[in-house]
Amino acid sequence: MEKLREYLNSLNQEQQKSFASACNTSIEYLRKAISKKQKLGPVLSVLIEIHSGNAVTRQELHPTDWVMIWPELNTRKNLAV
């Protein structure tokens, strides 16, 4: 979640709102999820990865279970994550 916090903090308020909207959520929801260290759903995680231009990846959002959710991403390169 730290990468997501850093990414959001790199955006101005309008960009944050636009990013959240593109991810079908609100900036308030994202900030609350970050502060509570809440696990985000798979669909939202993929949207965050896409709309952040891979600045925040789903593997980073799901460090312990990404391989069970997205087994197709399990390559030698990703095993080091």
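The values are calculated or read from the model by the stated rules, or taken from the named source; none is laboratory data. Predicted, not measured: the structure shown is a model, and the values here were computed from it. Positions of Cβ are backbone-derived with ideal geometry, glycine not excepted, and every protein chain shown enters the neighbour counts.
Does LEU44 count as in a helix (DSSP H, G or I), within 9 Å of the chain's Cα centre (by Cα) and of a type in the set (A, V, I, L, M)? Against the criterion (in a helix (DSSP H, G or I), within 9 Å of the chain's Cα centre (by Cα) and of a type in the set (A, V, I, L, M)), LEU44 qualifies. Are any of the residues in the stretch 10-19 on the phi < 0 side of the Ramachandran plot, of a type in the set (A, V, I, L, M), in contact with a Phe, Trp or Tyr (Cβ under 8 Å, 6 or more places away or on another chain) and at pLDDT below 95? Scanning the stretch 10-19, I find no residue that is on the phi < 0 side of the Ramachandran plot, of a type in the set (A, V, I, L, M), in contact with a Phe, Trp or Tyr (Cβ under 8 Å, 6 or more places away or on another chain) and at pLDDT below 95, so the answer is no.
Every condition in (1) in a helix (DSSP H, G or I); (2) surrounded by fewer than 17 Cβ atoms within 10 Å (Cβ to Cβ) holds for LEU30 except the one numbered (2). With respect to the conditions (1) in a helix (DSSP H, G or I); (2) free of Cβ contacts under 8 Å to residues at least 12 places away in the same chain; (3) surrounded by 15 or more Cβ atoms within 10 Å (Cβ to Cβ), LEU11 falls short on a single one, namely (1).
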